[in-house]
Amino acid sequence: MSVSMFESLHPVTISLRAAEEIRKIMETKNIPSDYGLRLGVKGGGCGVSLLIGFDRKKESDLTYEINGIPVYVDKKHTMYIIGKEVDFYDGEAGRGFMFVDPNASMKDQQSV
């Protein structure tokens, strides 16, 4: 069976630092084994906020495996996360996940 070039494409990437933190959370917080990382958006109208969490796969999801982590994205949300990278920040100002756009300035990055 041949693999089309689109099957290996992912709309989003996960940094190694974020992947390590995600795996640690999944293990220490007892996230069920049938859950994956949910990436998407909330809101509408004047703007949307990117979101990250853990959830079961839904019928409307596209499924990816990135750095060994199952990732679920609702088909309708894909256009909002294309080209983004999930990263993890741990510094004096706090710690948490953020979506990084490699083509944007640092002030335009969105933490979640």
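Any residue in the stretch 81-110 that is of a type in the set (K, R) sitting within a Cβ distance under 7 Å of a residue that is modelled with pLDDT under 90? List the pairs, counting only those 6 or more apart or interchain.
Within 7 Å, the pairs are K84/D101.
Filter the stretch 25-54 down to the residues that are exposed (fewer than 14 other Cβ atoms within 10 Å of the Cβ), out of contact with any Lys or Arg (no Cβ under 7 Å at 6 or more places or on another chain) and among the small types (G, A, S) and list them by number.
Across the stretch 25-54, the qualifying residues are S33, G43, G44, G45, G47.
Run N67 past the list (1) at pLDDT 95 or above; (2) touching a helix residue (DSSP H, G or I) at 6+ places or on another chain (Cβ under 6 Å) and report the number of the one that doesn't hold.
Of everything listed in (1) at pLDDT 95 or above; (2) touching a helix residue (DSSP H, G or I) at 6+ places or on another chain (Cβ under 6 Å), N67 misses just condition (1).
Please go through the stretch 74-112 and pick out each residue that is in a loop (DSSP other than H, G, I, E, B), modelled with pLDDT of 85 or more and out of contact with any helix residue (DSSP H, G or I) (no Cβ under 8 Å at 6 or more places or on another chain).
Taking the stretch 74-112 first, the residues in a loop (DSSP other than H, G, I, E, B) are 82-83, 92-93, 101-105, 109, 112.
Now narrow it down to the ones that are modelled with pLDDT of 85 or more: 82-83, 92-93, 101.
Selection gives I82, G83, E92, A93.
Filter the stretch 35-52 for residues that are at pLDDT 95 or above and out of contact with any Phe, Trp or Tyr (no Cβ under 6 Å at 6 or more places or on another chain); which is nearest to G83 (Cα to Cα)?
L39
Could you tell me whether any residue of the stretch 59-71 is hydrophobic (A, V, I, L, M, F, W, C) and farther than 19 Å from L9 by Cα?
First, the residues of the stretch 59-71 that are hydrophobic (A, V, I, L, M, F, W, C): 62, 66, 69, 71.
So of that shortlist, the ones also farther than 19 Å from L9 by Cα come out as none.
Looking through the stretch 59-71, none of the residues is hydrophobic (A, V, I, L, M, F, W, C) and farther than 19 Å from L9 by Cα.
Provide a single number: the residues in the stretch 35-73 that are assigned to a strand (DSSP E or B), without any contact (Cβ under 8 Å) to a residue 60 or more places away in the chain, farther than 19 Å from I22 by Cα and not hydrophobic (A, V, I, L, M, F, W, C).
5
The values are calculated or read from the model by the stated rules, or taken from the named source; none is laboratory data. A quick note: this is a predicted structure, and the numbers were derived from the prediction, not measured. Backbone-built Cβ (ideal geometry, glycine too); neighbour counts: all protein chains shown.
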